[in-house]
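S.K.: Dropping a structure here in structure tokens format, bear with me for questions.
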Amino acid sequence: MDESALGYHETMETHEMLNFKTDCLLKSKMIMGICFDNDLKKLLEKDVQQSIAAIQELKELYKNAKTLS
């Protein structure tokens, strides 16, 4: 058995986290477009950068996902 491969439940949970972080990224970018407060805009920019990093990390994990083929 391949120990580096994710189990089916881990694959599903990774997929759910990836969807959540993508949604967070989209919302932060949308709010940045209508935000006029500089402090809030800086926080949103930091959130965007952290979300991008998290998505990249989750995509790497997702490469080890099991498929039903």
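The values are calculated or read from the model by the stated rules, or taken from the named source; none is laboratory data. Quantities reported herein were computed from a predicted structural model and do not represent experimental measurements. As a convention, Cβ positions derive from the backbone with ideal geometry for all residues, glycine included, and neighbour counts pool all protein chains shown. In case anyone asks, the SASA skips ligands and DNA or RNA and just uses the protein heavy atoms, side chains included. Shrake-Rupley method; radii C 1.70, N 1.55, O 1.52, S 1.80 Å.
S.K.: Where the only charges are on Cβ atoms (+1 Lys, Arg; -1 Asp, Glu), what is the dipole of the chain about its Cα centre, to the nearest 20 debye?
M.R.: Approximately 300 debye in magnitude.
S.K.: Which of (i) 1.71; (ii) 1.43; (iii) 0.96 is the computed Cα Rg over 2.2 N^0.38 Å for the structure on display?
M.R.: Correct label is (ii).
S.K.: Separate question: How tilted is helix 38-62 with respect to the longest principal axis of the chain? Cα atoms for both, answer in degrees (0 to 90, nearest 10).
M.R.: Relative to the chain, helix 38-62 is tipped by roughly 10 degrees.
S.K.: Tell me the angle of helix 8-34 to the major Cα principal axis of the chain, expressed in degrees between 0 and 90 and rounded to the nearest ten.
M.R.: Here the helix axis deviates by roughly 10 degrees.
S.K.: Something else: Express the accessible area of segment 4-62 per residue in Å², computed with a 1.4 Å probe while the remaining protein chains stay in the model.
M.R.: Each residue of segment 4-62 exposes 74 Å² on average to a 1.4 Å probe.
S.K.: Of all accessible surface on the chain at a 1.4 Å probe, what whole percent is carbon and sulfur?
M.R.: Carbon-and-sulfur percentage of accessible area, whole number: 60.
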